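Just so it is clear, none of the values below were taken in a lab; they were calculated from the coordinates. These numbers come from a predicted model, not from an experiment. Here Cβ is always computed from backbone atoms with ideal geometry, including for glycine, and neighbour counts include all displayed protein chains.
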Amino acid sequence: MAKISKVVKNNRRKAMVANYAERRRALKKVINDPKSSPEQVDEAVLKLQKMPRDASPVRVRNRCSQTGRPRGSCGNSASRASRFATLHVRDRSPAL
């Protein structure tokens, strides 16, 4: 079982990623566009750097939906692999 504070922090990160997603997408589009001037690219990079670090989707951790364990989550069900195996043996596996 994961610490509740870690699960809450990860949920807060997910909300922040959703909140900043459109802004990040627009800035990334300017940065990666070959038609953008160097000044526009520099301005977009600075704006991207000023955003909170937790707004980056890379910082969100996949966790087991039942226990919050950070490693071994299994596919779309977001359950831990060993938990999934236990449920499968008991014939209560979630639909994949």
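Determine which member of the set Lys47, Lys29 is part of a helix (DSSP H, G or I), basic (Lys, Arg) and touching a residue at least 12 places away in the same chain (Cβ under 8 Å). Checking each option against the conditions leaves just Lys47. Applying the condition of being polar (S, T, N, Q) and within 22 Å of Arg63 (Cβ to Cβ) to the stretch 1-38 and asking which residue is surrounded by the most Cβ atoms within 10 Å (Cβ to Cβ) yields Asn10.
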